[in-house]
Amino acid sequence: FETFRRITIDRADESPNSPDARFIASAFVAIGGYWLEGIPNSYVRANPQRAYEHFFYAASYFGDAEGQFRLGRMLLDGVGTPRDPRQAARWLQLSASKSHFKAQAVLGHMLFTGRDIPRQAPRGLMLLTLAKESASDDDGWIGEMYEDAMRSATDDERGLALRLVESWLRANRR
């Protein structure tokens, strides 16, 4: 905690284009995680508002995908900030566009179900498909959301989602 804290204090204004920017952004995300949960038997007590501030800085100043995801989750759940699903979807979209599979899964589920935002089933299914392909066995919740969506999707929604996946893969080849 203290190492990451020192980095966030000493290097907060470093250019987001610097070679060390991704490490500094990761320090902000790590500190945000500590503030979100607290550290047992230490002076670091859970403080969701401070967590939100750290995630916001990593997300907005450094454009960090994990920070954007964590910020989106906080906004979606109303933790440390008022609940704002539309803003959550915006941050999740930024993160998902950087291939952050958890952001793809959460946003995909929101879009597929129409939870809190207008329903866009094919796009949601596309994001869930991308997330499922990147997820590990430890991320079973993603597979469950994908399977639920596939079961309830129409043939047209599945077909359009497949075309969207193919298009996304062509555009994002590495």
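For the range 1-53, report the translational diffusion coefficient in µm²/s to the nearest whole number, using Stokes-Einstein at 25 °C, 0.890 mPa s, and a Kirkwood Rh over Cα pairs. All intermediate terms of the calculation are to be shown ahead of the outcome.
On the way: Rh = 11.4 Å.
For the chosen part, D equals 216 µm²/s.
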Checklist entry - Looking only at Cα atoms, what is the convex hull volume of the range 21-80 per residue, in Å³? => result 64
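Summing +1 for each Lys or Arg and -1 for each Asp or Glu, what net charge is found among the other residues whose Cβ lies under 14 Å from the Cβ of residue 147?
Details: positive: 132, 151, 158; negative: 133, 139, 144, 148.
Taking every Cβ under 14 Å from that of residue 147, the sum is -1.
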Checklist entry - How many percent of the accessible area of the range 12-168 is carbon or sulfur, using a 1.4 Å probe? => result 51
Checklist entry - So what's the back-of-envelope 222 nm ellipticity for the chain, counting only DSSP H runs of four-plus at -39500 (n - 2.57) apiece and dividing by all residues, rounded to 500? => result -22000 deg cm²/dmol
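Rounded to the nearest whole Å², what accessible area per residue is found for the chain with the 1.4 Å probe?
Details: 9510 Å² over 174 residues.
Dividing the accessible area of the chain by its residue count gives 55 Å².
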Checklist entry - What nm distance separates the two modelled labels at residue 173 and residue 155, each placed 7 Å from Cα along Cα→Cβ? => result 3.2
Checklist entry - Residues of the range 36-53 with amide nitrogen under 19 Å from the 7 Å Cα-to-Cβ point of residue 87? => result 36, 47-53
Next on the checklist: For the chain, I need the span (max minus min coordinate) of the C-alpha atoms along each principal axis, in Å, sorted largest to smallest.
Outcome noted: 53, 33, 29
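Tell me the net charge near residue 106. Cut-off is 12 Å between Cβ atoms, residue 106 excluded, with +1 for each Lys or Arg and -1 for each Asp or Glu.
Numbers: positive: 70, 73, 102, 115; negative: 77, 116, 139.
Overall, the nearby charge balance is +1.
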Checklist entry - Just from the alpha-carbon atoms, what are the Rg and Dmax of the range 88-148 in angstroms? => result 10.2, 30
Checklist outcome for this item: Computed over the chain: longest principal axis from alpha-carbon atoms vs helix 121-134 long axis, angle to nearest 10 degrees, is 60
Checklist entry - To the nearest 20 debye, what charge dipole does the chain have about its Cα centre, counting +1 at the Cβ of each Lys and Arg and -1 at the Cβ of each Asp and Glu? => result 360
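Tally Lys/Arg at +1 and Asp/Glu at -1 over every other residue whose Cβ is under 9 Å from the Cβ of residue 31; what's the total? Before the final figure, lay out the partial values.
Numbers: positive: 5, 50; negative: none.
Here the charged neighbours net out to +2.
The values are calculated or read from the model by the stated rules, or taken from the named source; none is laboratory data. If you're wondering where the values come from, they're calculated on a predicted model, not measured in any experiment. We place every Cβ from the backbone using ideal geometry, glycine too, and count neighbours over all the protein chains shown. Side chains included, ligands, DNA and RNA excluded: accessible areas come from the protein's heavy atoms. Shrake-Rupley method; radii C 1.70, N 1.55, O 1.52, S 1.80 Å.
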